[in-house]
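Shown next, in C-alpha cells, is the structure this report addresses.
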Amino acid sequence: MPIELREIRKDFVAEIDGIDLSGAIDKALSNQLRQATKKFAVIIIRNQDIDYESFVRCADVIGKAGRCQDITNLNEDGTIRAPSSFEARQARGNALWHTDMPVLEIPPVGAMLLAQELPSAGGETQLADLCAAWSTLPADLKRRIENLTAVHDIETIRRRMGITDLEELKSEYLPAEHPLVCYDPLSGKASLLFGAHTSHITNLPGDESRSLLDELLRHSTREELTYRHSWHRFDLLYWNNRRTLHRVLPYNEVSDRRRLWRVEVLGTDRPSNKPRSFWQRLASI
Ligand SMILES: O=C(O)CCC(=O)C(=O)O
C-alpha cells in the first residue's frame, strides 16, 4: 500500500502517516521510505512506540546503522545530571547550528531521533535547508565559494561551548577538510557543508574566513529556510545530514527531563563537489 506522505515544507520536510515501524520492515515499505529520503531532507513519523531494535533497524532502510546513543540530560541512574558535568557541557554543543561529525573523512549521511521523555516547554529541534541555502545565494557569492574547501575540527566546537579544560581529549579525532559546496548523495542536489565544527576556510585569511562563515550561517538559518520540530512522545524524526544544519532549542535542563534515542546512518562516500553521474544515480534507485 502506498504510504501517505504530507509535504510540510516544499522539498524539505514531510510527514508520513499510517505506518508502523515495529518489527521487520517489508521491501515495499523500505523502497517507499528510501524514495522519500531522496526528495525530503527531514521526515517525521509520529506515534512510533517501538522497541530499540526496531528503531535501529529503521536506519538500515536508508543505509547502514552507525553510532547509537541517547540524547539526554539524564544520568544512567535516571536522575537529572548536574549542569556543570562534562556530559552536560558536551551536550550543549547540540545547541549550536551543526552538521553531525564533519570531522570524519566520511561523515554520516543521516540520523534519527525517537522521543522517549520530553520537557514541559522548549527543547524543539530546528533544522535548516542547506540545498535551499545554496540555491538562493547570490550568483557572485556562489562563484566565490564553489571551489573552496573548509576544515572541521572537534576543538572548534568545544571552544565554542566554552570547554577549554579537556586537553586529554585533544587527539580523539583529527581535523578533516571537505569541499564547502557538496552534492548530497541522496537527492543529488548541491548543498553546503559547514557548521559549528568548521574552524576555517582553507587558504583564506582568518578574518575573511570568519566573516564568510558568519555570512553563510546568517543566510542559511533565516526563518524561511528552517523548520522547527515541536516534539510529541514517540515522534521519530529523520534528517539528511548532508543537506541540513540542526540544533536543539533551550529547555529547563535542571528541572525537566529530556531523552531521545538516536541512531546515525553511516555514509559510504566522502563529501564531493562533483555532481553524481547519470549511472551513479541510476544505481541508487
Ligand atoms: O537534541 C536535539 O534535538 C538535537 C540533537 C542533535 O543535535 C544531534 O543528535 O546531533
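Bear in mind that the values in this text are calculations on the coordinates, not laboratory data. As the structure is a computational prediction, the values presented were derived from the model and not from experiment. Ideal geometry is used to build each Cβ from the backbone, glycine not excepted, and the neighbour counts take in all protein chains shown.
A few points about this structure:
- Between Glu15 and Glu76, the simple label model (points 7 Å from Cα in the Cβ direction) yields a spacing of 3.8 nm.
- For the chain, the 222 nm mean residue ellipticity estimated from helices alone, with every DSSP H stretch of n ≥ 4 adding -39500 (n - 2.57) and the total spread over all residues, rounds to -7000 deg cm²/dmol.
- Working note: Debye formula, equal point scatterers on the alpha-carbon atoms of the stretch 10-283, no solvent; log10 I(q)/I(0) at q = 0.08, 0.11, 0.14 Å⁻¹ is -0.33, -0.63, -1.04.
- Expressed as a fraction of 2.2 N^0.38 Å, the value expected for a compact globular protein of N residues, the C-alpha radius of gyration of the stretch 19-161 is 1.26.
- Evaluated over the stretch 128-215, the Cα radius of gyration and Dmax, each in Å: 14.3, 44
- All lysines inside 18 Å of Lys27 as judged from Cα atoms, apart from same-chain residues fewer than 8 positions distant: Lys38, Lys64
- With each label modelled as a point 7 angstrom along the Cα→C-beta vector, the Arg210-Arg67 pair spans 2.8 nm.
- Only Cα pairs under 8 Å and 6+ residues apart enter the sum, and on that basis the relative contact order of the stretch 7-116 stands at 22 percent.
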